[in-house]
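Working notes for the structure below.
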Amino acid sequence: MKRLLSGLVILALAGGAVFWFVTRPDLVGADTYAGLTGDAARGETVFWAGGCASCHAAPGAEGEDRLVLSGGTALASDFGTFYAPNISPHPETGIGGWSVAELGDAMQAGVSPGGAHYYPAFPFTSYVKAAPQDIADLHAFLMGLPDSDTASHPHEVGFPYSVNRLLGGWKFLYLNDGWALDEVPSEQVERGRYLAEALGHCGECHTPRGAFGGLDTARWLGGAAHPSGEGRIPNITPGGLDWSESDIAEYLRSGFTPEFDVAGGDMAEVVKNTAKLSDEDRAAIAAYLKAVPAVDTAGD
């Protein structure tokens, strides 16, 4: 009996050590960003491509108010409701005290300056692919925006999802910097892949998820249930979207479809961002969407 109890204790200790190791906050590290000088003008392109204002501006903000990143947008999911935080340069309620490396750890490792895991409602699973220089440029742009003293709203998440350490296990399973489209036929498609997969995080909405919230990359951009439980986010692979490249690029600029309908819902917010990009970048995203493998969702 004593041997059995001793064995169980050893197994429990070993299991606890493995759990503690796997779920630890794993940082990108300051060395990754050492020596980089941010350029705010380039950072503005990263800002719009990354869709920062869509979540972090106050709900309903328009025009210049979209640059006041006070947070507050609610993101409903099967795991709870998450609220986008204040990321204005306010030194107390925002991220005014963050270094480039701390912004990098947040965006590419999903870890706060205090060492806590972020929930993947924040798309660090896409930003992990971003170039460190783009993080430095974004930091320079963000620090020049208006500040806001609005306090961030706490997430509404129940047990067991409220146990922060468990997010380390989720990252162990799902956080990686691999590309969904492995091979690119041209520099234009490569640029589009970077904009769509690393910055624009299109897959976070348009790709279905498994039971634990990980992306089903075998059906990349093949459409998914809306996190709110109402409606469906469309398939934007060639298997579900028959628009031409010029049609897609125009939609990303004006919000008008080839049938002269207009973007609505969440996509209306996305178009507010992509409209700020260059014609070349919108064309690159369109070329990428025509290059991804077709997903057949006719029977879904």
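The values are calculated or read from the model by the stated rules, or taken from the named source; none is laboratory data. Since the model is a prediction, treat every value here as computed from it, not as a measurement. Counting neighbours? That spans all protein chains shown, and the Cβs are built from the backbone with ideal geometry, glycine included.
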Got a sec? Which of Ala283, Ala268, Ala263, Ala249 is within 19 Å of the chain's Cα centre (by Cα) and small (Gly, Ala, Ser)? Ala268
Given the criteria closer than 27 Å to Ala57 by Cβ and touching a residue at least 12 places away in the same chain (Cβ under 8 Å), does Leu181 qualify? no
3 or more residues crowded, with 21+ Cβ neighbours inside 10 Å and at pLDDT below 95: qualifying helices (runs of 4 or more DSSP H) within the range 20-135: none
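Taking the condition touching a strand residue (DSSP E or B) at 6+ places or on another chain (Cβ under 9 Å) and touching a residue at least 24 places away in the same chain (Cβ under 8 Å), does Gly222 pass? Full working, then the answer.
Details: touching a strand residue (DSSP E or B) at 6+ places or on another chain (Cβ under 9 Å): no; touching a residue at least 24 places away in the same chain (Cβ under 8 Å): yes.
Taking the combined requirement at face value, the residue does not satisfy it.
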Turns out the helices (runs of 4 or more DSSP H) fully within the range 239-300 with at least 2 residues that are surrounded by 14 or more Cβ atoms within 10 Å (Cβ to Cβ) and touching a residue at least 60 places away in the same chain (Cβ under 8 Å) are 265-274, 279-291
The helices (runs of 4 or more DSSP H) lying wholly within the range 143-214 that contain at least 2 residues that are basic (Lys, Arg) are 187-193
I'm trying to understand the selection: among the residues of the range 143-164, which are crowded, with 16+ Cβ neighbours inside 10 Å and out of contact with any Ser or Thr (no Cβ under 8 Å at 6 or more places or on another chain)? Met143, His153, Tyr161, Asn164
If you take the residues of the range 183-203 that are buried (at least 19 other Cβ atoms within 10 Å of the Cβ) and aliphatic (A, V, I, L, M), which of them is nearest to Trp220 (Cα to Cα)? Ala196
